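Input: a single structure, listed below in structure tokens.
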Amino acid sequence: MAKVYQSACPLNCWDSCGFHVTVEDGKVQKVEGDPDHPITKGKICGRGRMLETRTNSLQRLLYPMKKVNGQFIQVSWKQALDEIAAIMADIKEQYGSTAILHSHDYANNGILKNIDKRFFNAYGGVTELIGSLCWGAGIEAQKWDFGDSYSHHPDDVLNSKNIVIWGRNVARTNMHFYQKLQEAKKNGSKIFVIDPIYNATAKLADEYISIKPGMDGILAIGIMKVLLESGLQDSHFIENFTQGFEDLITLLNDVSFEDVCQMTEIPLETVRKLAEIYAEKPVSTHLGLGMQRYENGGNTIRLLDALVAISGNIGIAGGGSNYGNLQVGQSFAFDELTLTTRKENSRTFTMMKQAEGILNSVNPKIQMVFVTCGNPLVQVPDSNKIRKAFEDVPHLVVVDQFMTDTAEMADYVLPTTTAFEEEDFYYASMYHHYVNYGPKLVEAPGEAKSDLWIWSELAKRLGFEEDFEFSRDEYMKMSLKPLEKHGIHLEQLRKDGHIELPVEKIPWSGHHFRTPSGKYEFTAQLGFVKGQNGKLTAATPSESKWTNPSLAERYPYTFLTIHPLRSNHSQHYHILKPEPKVKIEVAENIASKLGLQEGDMARVWNERGEIKGTISLLKKAHPNTINVDEGIWSRFGGSVNLLTPDGESDNGLGSVLYDCLVNIEKI
């Protein structure tokens, strides 16, 4: 007999939805939305629904696999773990623990997905990845400005007179916020979308502004110039709660309106109108991730923060520079869970440059890469370099549910469970403040094991089993310790299915910031402390006609790689029907110039690589813009990262995936 259980989505996503999961005869039959969830209210996306297909897929890895003479053979868990542990013990003795690289990303957001860090810290500390392919530059930028990266409660947007959606297609990536925007518009709020591509969110807007990719910070400079020239700035906030304003004035004086309009390809009339919009408080600004995926990405977010600050929209209802929301994750006891104090040695590579780190590593040379919660061969920029680096490593171990591009390269592949096959709780939303509970609903197929079991078994073999002598229940309670003073306990979470975390619903409302000065910092002391420039600049992307004109002559088109509609990054492509293909979306001016028509086959290339696919015309895209959705596997014609650069953002913690020029031709 079928039974419906309350559960939650594990995907690393803005929405972090509540689920109702139907189980019959020990098998997940259907995934639907939980109508009682206070934020997601019964509505979920196709990616969430496909977790049923993912769980039941016949492509699941069922047994540990070892590569012998270039072919995978099935082995027992005992053999796989004994051999891996022996290799790790030998590496530690010969080279030291940092000869192992832990390549970790955030495919799923369960609290116990962090147990891998506990294992590697107890092992002695390994080479770890810092920064983020996704949002790292912007997070670091807001830490420089505010001292942390916080966003307003979802309902607060209903207090906004004007709403600026800057570089985000929430209809694709944050469906419940899109619904909230619809509600706000019915209540009289005006919505403005600034984006290189006219997307589904732009259709909802009162006005759409098309911008040259990577030039968002320059537009913010222009808007701030108008605000100050017109006397529309919030002088009280600037004088009492900020520092470094004089440096900002100097920057604004160094950039002309002519520069702004040429670089953004936006008319001055529109710039002036945006200044009027920002002066009509309260204005909430919602920043996307794409515009900080450039070499100037951190500076871009800081310039947008500065615009929100000087217009007086910080710390007020209906305002905010809404980007990340780290206060959600800060609710949990990560240090205790991951045993940060046990780390004896440490070395870091940035996530973006892990391939270069491997290839150039010395003292010690990387001897093993252990991949968890990710598919770096598809997701990390400059795929050819990643492949070369992984081929250069003597030992590659991958923990996954499917034979991904990365798993195919491995020496050992260890099959792990899906969310419905293990108990956990989920907290990844950058949109709302709820933690969601996910019970174990079905048994895993074959011999697939939970991450916790895998790490515990390896710990036994390596001599630190006492660090893993805890039950899953005890680990979850350990994680929730900081919340006990707020009356939040595991038993309550299990009973209710979701709990609102104690966070600031209107961040910075007291105008007390977490910066070194305690003020909002236009000139960031943290930047100087880290040996970087703490002043705002008028930086442009590294691959642009403004920075590298000779490169722009050879590769005249901007290449974007936005989030796919039907897959959470690379996680769903292999289970999509019909089988996915590469779709090359081009602005109409490119199609007109090169004679490209809908359905034509084309090649996109640069000095790093090439990708082939079918042409699709973008309506109202900014001129000279090309997009191919990210995440597609090699077997389907990918990856887009064959073309993207592996550089680091200006503050060192973000990717430059969108800082990418290409050429295109019909084939």
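Every number here is computed from the coordinates shown, using simple stated rules; none is lab data. Model, not experiment: these values are computed from the prediction. Every residue, glycine as well, gets a Cβ built from its backbone with ideal geometry; the counts of neighbours run over all protein chains shown.
Starting from the Cα of ASN240, move 7 Å in the Cα-to-Cβ direction to define the label point; list residues of region 506-521 whose amide nitrogen is under 17 Å from there. Residues 508-513, 518-521 qualify, since their backbone N sits under 17 Å from the label point. What FRET efficiency, computed as 1/(1 + (r/R0)^6) with R0 = 56 Å and r the Cβ-Cβ distance, is obtained for THR537 and GLN59, rounded to the nearest 0.05? Efficiency, from the Cβ-Cβ distance: 0.70. Of the peptides 539-545, 36-42, the order by per-residue mean of other Cβ atoms within 10 Å, starting with the highest, comes out as 539-545, 36-42.
The relative contact order of region 274-386 comes to 21 percent, based on Cα pairs under 8 Å that sit 6 or more residues apart. At an R0 of 22 angstrom, the distance between the Cβ atoms of HIS511 and GLU276 translates into a FRET efficiency of 0.35. The angle between the Cα long axis of helix 297-310 and the main principal axis of the chain comes to about 50°, on a 0 to 90 degree scale. Here's the list of aspartates and glutamates a cross-link from LYS481 could span, going by alpha-carbon distance under 12 Å and ignoring same-chain residues fewer than 8 apart: ASP335, GLU336. Dipole size of region 550-653 about its Cα centre, with +1 on Lys/Arg Cβ and -1 on Asp/Glu Cβ: approximately 420 debye, rounded to the nearest 20. Volume of the convex hull of region 266-343 (Cα atoms only), normalised per residue: 137 Å³. Near VAL656, the amide H atoms lying under 5 Å from its own belong to GLY647; only residues 5 or more places off or on other chains count, and H is placed 1.01 Å from N.
Residue-wise HN-Hα couplings along region 337-348, as the Karplus relation 6.51 cos²θ - 1.76 cosθ + 1.60 with θ = phi - 60° gives them from phi, are 5, 9, 6, 4, 6, 7, 5, 8, 10, 7, 8, 10 Hz; Gly and Pro carry x.
Measuring nothing but how far apart in sequence close Cα pairs (under 8 Å, 6+ apart) lie, relative to its length, the chain scores a relative contact order of 21 percent. Here the translational diffusion coefficient of region 306-352 follows from Stokes-Einstein with Rh set to the Kirkwood radius across Cα pairs; for 10 °C and 1.306 mPa s it amounts to 109 µm²/s. Here the spin labels are modelled as points 7 Å beyond Cα on the Cα-Cβ line, and at LYS30 and SER256 they lie 6.5 nm apart. The Cα atoms of the chain cover 72, 61, 54 Å along the three principal axes, with the biggest extent listed first.
Checked against a 21 Å cut-off, the cross-linked pairs LYS143/LYS185; LYS583/LYS619; LYS30/LYS577; LYS212/LYS612; LYS212/LYS593; LYS343/LYS388 give Cα-Cα distances beyond that limit for LYS143/LYS185; LYS212/LYS612; LYS343/LYS388. For region 549-666, relative contact order (Cα pairs under 8 Å, six or more residues apart, normalised by length) works out to 37 percent. Within the straight-line cut-off of under 13 Å between alpha carbons, the aspartates and glutamates reachable from LYS186 are ASP206, sequence neighbours fewer than 8 places apart in one chain being disregarded.
If the segment from GLU93 to LEU576 were pulled out straight at 0.36 nm per residue, it would be longer than the present Cα-Cα gap by 169.4 nm.
Working note: Karplus 6.51/-1.76/1.60 with θ = phi - 60° gives region 392-409 the couplings 7, 8, x, 9, 10, 10, 10, 9, 7, 9, 9, 7, 6, 4, 5, 4, 4, 7 Hz, where Gly and Pro are set to x. The Rg/Rh ratio of region 549-666, with both radii computed over alpha carbons and Rh defined as the Kirkwood radius, is 0.96. Using the Cβ-Cβ distance between HIS489 and TYR106 with R0 set to 22 Å, the FRET efficiency works out to roughly 0.25.
Charging the Cβ of each Asp and Glu at -1 and of each Lys and Arg at +1, and nothing else, the dipole of the chain about its Cα centre rounds to 1080 debye.
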